[in-house]
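Asks: What follows is a structure written as structure tokens; I'll ask about it next.
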Amino acid sequence: MVRLPVKYLVAAGLVVLLAGCATPADSAEPTEPPPGVTQSAATTSTPSVAPSPSADSVTTSTPAAAPDCSVVNCVAITYDDGPSPLTNQLLDAYIQRGAVATFFVHGPKVANDPATVLRAFDAGMEIGNHSSNHPNLTLQSADVVAQEISDTQQEVAKVTGQAPRLLRPPYGETSATVNQIAGQQGLSVINWTDGPADWENRDAATVVNLTLARVRPGAIILMHDTHQWTVDAAPAIIDGLRQQGYELVTVSQLIGNPQPGQFYTDGQAPA
Ligand SMILES: [Zn+2]
């Protein structure tokens, strides 16, 4: 029997309220096809309370202090559109290796699976905001943009006790107005340097090879934890990046001190 903190139970109760309206359009940046079969499982999954590692295992697997990315080669791997039913498998790969990544999540999915988000947070992953419903924010009114951001801020904070500092705009679509609204809520706006285009390259070996070929110091790499091939690629990506001399860090660690309202596509690299 898994004992759940009160905050889990509160969040789980919200699933009932949100289930009817929680259908974040899935995913794909920036040219991904319309929501497809690969994402449908996420919206129909039941709340997950199963995969909770013991407090001891979390503690012992917490990564060491962040490196100085102005001195060593760092890379920040990012995963959008979760949490999904695949996210725990992905976390296994990172936690077993003492590595970290950044997860840009949707508030309704967080409410649907708070345990996975808390597991990620407790293991040192950074939790960022990917809006509630995955709209192109540049096409929305200021009020809608603010709501899309604030709802997910609140859902994450309910689970982790800490509101995100980073916004990944859906499809990477942002504007001066969107950046300003994000800044008003304390968020930096984060796109990406490069990535394996995992929405169209649908096998793990290709995702691994493209990631290792396209990485460079200071890079922010875009992926999605809604694709099985992306999750399957993670162990070889982590090991391969380390063999190339990279330190895996979160986006905030990579940038150093991201400023609210500022837009970033990469982070620090050694001079
Ligand atoms: Zn997305």
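Asks: Please determine, by comparing only the residues of the range 166-184 that are assigned to a helix (DSSP H, G or I) and among the hydroxyl-bearing types (Ser, Thr, Tyr), which one is nearest to Gln268 (Cα to Cα).
Replies: Among them, the one singled out is Tyr171.
Asks: Out of all the residues in the range 155-165, is one or more under 29 Å from Pro235 (Cβ atoms) and of a type in the set (Ser, Thr, Tyr)?
Replies: Yes - at least one qualifying residue is present in the range 155-165.
Asks: Quick one: would you say Asp122 is charged (D, E, K, R), at pLDDT 95 or above and at positive phi?
Replies: When the stated conditions are applied, Asp122 does not pass them.
Asks: Right, next: Residues that are over 19 Å from Asn129 (Cβ atoms): which helices (runs of 4 or more DSSP H) entirely in the range 185-271 hold 2 or more of them?
Replies: Of the helices (runs of 4 or more DSSP H) lying wholly inside the range 185-271, those with at least 2 residues that are over 19 Å from Asn129 (Cβ atoms) span 204-214, 228-243.
Asks: Are any residues in the range 57-84 aliphatic (A, V, I, L, M) and either modelled with pLDDT under 95 or within 12 Å of Ile255 (Cα to Cα) (or both), and if so, which ones?
Replies: Scanning the range 57-84 gives Val58, Ala64, Ala65, Ala66, Val75, Ala76.
Asks: Within the bounds of the range 123-131, is there any residue that is farther than 22 Å from His227 by Cα and charged (D, E, K, R)?
Replies: The answer is no; no qualifying residue exists.
Asks: Any idea how many residues of the range 64-87 are of a type in the set (Gly, Ala, Ser), away from the ligand (no atom under 16 Å from the Cβ) and within 23 Å of Met223 (Cα to Cα)?
Replies: 2
Asks: Determine which member of the set Gly128, Gly107, Gly172 is more than 30 Å from Pro67 (Cβ to Cβ), touching a strand residue (DSSP E or B) at 6+ places or on another chain (Cβ under 9 Å) and of a type in the set (Gly, Ala, Ser).
Replies: The unique qualifying residue is Gly107.
Asks: Scan the range 158-193 residue by residue and report those that are under 18 Å from Gly218 (Cα atoms), in contact with a Phe, Trp or Tyr (Cβ under 9 Å, 6 or more places away or on another chain) and away from the ligand (no atom under 16 Å from the Cβ).
Replies: Ser188
Asks: Quick one: is Ser132 modelled with pLDDT of 95 or more and either buried (at least 23 other Cβ atoms within 10 Å of the Cβ) or under 11 Å from the mean Cα position of the chain (by Cα) (or both)?
Replies: Spelling it out, Ser132 is indeed modelled with pLDDT of 95 or more and either buried (at least 23 other Cβ atoms within 10 Å of the Cβ) or under 11 Å from the mean Cα position of the chain (by Cα) (or both).
Asks: Could I ask something else about it? Test Asn191 against the stated conditions and say whether it is at pLDDT 95 or above, surrounded by fewer than 24 Cβ atoms within 10 Å (Cβ to Cβ), in contact with a Ser or Thr (Cβ under 6 Å, 6 or more places away or on another chain) and of a type outside the set (Phe, Trp, Tyr).
Replies: Criteria met by Asn191.
Asks: When both residues are 6+ apart or on different chains and their Cβ atoms are under 6 Å apart, which pairs have a first residue that lies in the range 191-203 and is over 12 Å from Thr78 (Cα atoms), and a second that is part of a loop (DSSP other than H, G, I, E, B) and among the small types (Gly, Ala, Ser)?
Replies: Trp199/Ala28
The values are calculated or read from the model by the stated rules, or taken from the named source; none is laboratory data. Note that this is a predicted model, so its numbers are computed, not measured. Virtual Cβ from ideal backbone geometry, glycine too; neighbours counted across all protein chains shown.
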